[in-house]
1. Keeping every protein chain in place, order GLU78, GLU33 by accessible area at 1.4 Å, biggest value first, i.e. largest first.
2. Could you rank the peptides 107-115, 148-156 by their average count of other C-beta atoms within 10 Å per residue, with the highest value first?
3. For the stretch 130-138, just list the computed ³J(HN,Hα) in residue order, Karplus coefficients 6.51, -1.76 and 1.60, θ = phi - 60°, integers in Hz, with x standing in for Gly and Pro.
4. Sort 12-19, 127-134 for me by packing, meaning the mean count of neighbouring Cβ atoms within 10 Å per residue, highest on top.
Amino acid sequence: METWIQRIMEDFGYIGVFLLIMLENLFPPIPSEVILTFGGFMTTFTDLTVTGVIIASTLGSVAGAIILYGIGLLLDVERLVKIVDKYGHILRLTRNDIYKADAWFDRYGFWTVFFCRFIPLIRSLISIPAGMSNMKFWLFILLTTLGTLIWNTVLVHVGATVGGNWEKIVEVMDVYSNIAYAVIAVVFIWFVVRFIRKKKLFKRK
């Protein structure tokens with residue numbers, strides 16, 4: 001996959017960076033770390049500039065996030081409640097669980113959208129619940145842009161600084177990603193266990 005990414009960026013320049021980062025938002029397994037650090041490295045031997053790569057990648061990130069936000073709007077809370085009313089017993093979910101989750105996102109969602117832009121996988125998927133909760137679009141765009149701008153700026157500059165050693169940075173970012181995935185898995189399991197326990201206690205009462 002890395003060879004394919006490099007070839008597209010070499011052939012299409014800024015447009016390639018834009019499209020790859022947009023796809024990375026829609027298909028998280030595509031590693032943004034490779035795109036951004038290699039993009040930074042390319043500024044050392046092509047006509048691409050650090051500023052140009054940062055702008056192209058940030059526009060791509062925002063474009064991908066808008067698409068996922070739109071999907072979230074289609075899967076709004078009302079529709080999700082109807083689905084849960086019909087099939088929620090399979091997962092032991094109720095409409096109250098959905099309302100509670102939506103209320104939590106309404107309260108803390110803007111911080112979540114911003115900080116999750118620095119977490120692998122979650123930085124893409126967070127756009128869906130933002131849309132589902134009908135988060136104000138201008139606020140979503142602002143926080144998404146700020147978060148992705150910081151992430152992209154750091155990695156592009158790192159790629160430009162280390163030059164031909166950009167692959168070593170990717171290796172370091174792989175470790176960071178694996179740690180993040182492990183933490184996400186632990187948190188998810190913790191929530192599932194806690195959720196099941198609450199359901200059991202509720203039934204006993």
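1. Listed by decreasing accessible area, they come as GLU78, GLU33.
2. Ranked by mean Cβ neighbours within 10 Å, highest first: 148-156, 107-115.
3. In residue order, the calculated couplings are 4, x, 4, 8, 6, 4, 3, 4, 5 Hz.
4. 127-134, 12-19
The values are calculated or read from the model by the stated rules, or taken from the named source; none is laboratory data. Just so we're clear, the structure is a prediction, and the values are computed from it rather than from any experiment. Using ideal geometry, Cβ is built from the backbone for each residue, glycine included, and neighbour counts are taken over all protein chains shown. We work out accessible area using only protein heavy atoms, side chains counted, and drop any ligands, DNA or RNA first. Shrake-Rupley method; radii C 1.70, N 1.55, O 1.52, S 1.80 Å.
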